[in-house]
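Asks: Just dropping this structure here.
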Amino acid sequence: MSRIGKKPVAVPQGVEANLNGRDLTVKGPKGQLAMTFMEEVDVKFEDGQITVMPIGETKRARSMWGMQRTLAQNLVTGVTEGFSKTLNLVGVGYRASVQGKNLQLQLGYSHDVLYPIPEGIDIKCPDQTTIVISGIDKQKVGQVAAEIRKWRKPEPYKGKGIKYADEYIFRKEGKKK
């Protein structure tokens, strides 16, 4: 039994949710998001709450139950609060800045890395070594953060690279004489 799937998703005031068959559309102060539920789950929208239940007792239906409920919760959270991820640049000369619709990164390469900012994503650089990625779609925010981090993953000896703000880099000991 899914403990997460049992909880209904509360739709707060100021948020408009429409369930049309398997399609859920959520509109709020930050924007509008939509998703389509899988065929293994049954969805109901009553009394300002979205309830997800599995159809049958198959393993796939039970495994989709909690995930589909969490995706619906992410839609509601996204249009009310939004999501954000913070990246830190660690290394001598590593810098980031936003220039127009591009993020310019200096990461020790012979050239600057220009990352075009996708639609629906807002990137800010409060200082030269911090990047704040925000948006209403949790999957998109995480994907953009992963693509930026891919340019220089943190290495375990000196800790240089692009890391998440809440990430711990396990440090290794160097060579001994």
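Values quoted throughout were computed directly from the atomic coordinates according to the rules given, and no laboratory measurement underlies them. None of the values given here were measured: they were computed from a predicted structure. Cβ coordinates were reconstructed from backbone atoms using ideal geometry, including for glycine residues, and neighbour counts include every protein chain displayed.
Asks: Hand me the GluC sites (Glu not before Pro) from the stretch 1-64 located in a DSSP loop with no more than 14 other Cβ atoms within 10 Å, in residue order please. If you can, show how the numbers build up before the last one.
Replies: On the way: sites: GLU16, GLU39, GLU40, GLU46, GLU57; in loops: GLU39, GLU40, GLU57.
When the GluC sites (Glu not before Pro) of the stretch 1-64 are filtered for loop state and at most 14 Cβ neighbours within 10 Å, GLU39, GLU57 remain.
Asks: I've got another one for you. First select every other residue whose beta carbon is under 13 angstrom from the beta carbon of ILE131; then total the charges, Lys and Arg +1, Asp and Glu -1. Write out the running numbers ahead of the final one.
Replies: On the way: positive: LYS85, ARG95, LYS124, ARG149, ARG152, LYS163; negative: ASP122, ASP127, GLU147.
Summing Lys and Arg as +1 and Asp and Glu as -1 gives +3.
Asks: Also, I was wondering about something else. Run the helix sum for the chain: -39,500 (n - 2.57) per DSSP H stretch of 4+ residues, divided by residue count, reported at 222 nm to the nearest 500 deg cm²/dmol. Could the numbers behind the result be given before it?
Replies: Details: 3 runs with 38 residues, N = 177.
Helix-only estimate at 222 nm: -7000 deg cm²/dmol.
Asks: Can you give me the angle between helix 138-149 and the longest principal axis of the chain, using Cα atoms only, in degrees from 0 to 90, rounded to the nearest 10?
Replies: Between the helix axis and the principal axis of the chain, the angle is about 20 degrees.
Asks: Beta carbons within 10 angstrom, averaged per residue: use that to sort the peptides 161-168, 104-111, highest first. Display every interim value, and only then the final one.
Replies: Details: 161-168: 14.5, 104-111: 13.0.
Listed from highest to lowest mean packing, they are 161-168, 104-111.
Asks: I'd like the distance separating the alpha-carbon centroids of the stretch 1-69 and the stretch 104-120, in whole Å.
Replies: Cα centroid of the stretch 1-69 versus Cα centroid of the stretch 104-120: 37 Å apart.
Asks: Using 0.36 nm times the number of residues separating LYS150 and GLU57, minus their current alpha carbon distance, what extension gain do you get? Walk me through the numbers before you get to the answer.
Replies: Numbers: separation 93, 0.36 × 93 = 33.48 nm, distance 4.02 nm.
Computed gain between LYS150 and GLU57 is 29.5 nm.
Asks: While we're on this one: Calculate the FRET efficiency for GLU39 and ILE4 from the Cβ-Cβ distance with a Förster distance of 30 Å, rounded to the nearest 0.05.
Replies: Numbers: r = 20 Å, r/R0 = 0.66.
Once the sixth-power term is evaluated, E becomes 0.90.
Asks: Report the label-to-label distance for ARG171 and GLN32 in nanometres (one decimal), using points 7 Å from each Cα along the Cα→Cβ vector.
Replies: Rounded to a tenth, the inter-label distance reads 5.1 nm.
Asks: Shifting gears a bit: May I ask for the angle, rounded to the nearest 10°, between helix 59-80 and the longest principal axis of the chain, with both axes built from Cα atoms and the value confined to 0 to 90°?
Replies: Relative to the chain, helix 59-80 is tipped by roughly 70 degrees.
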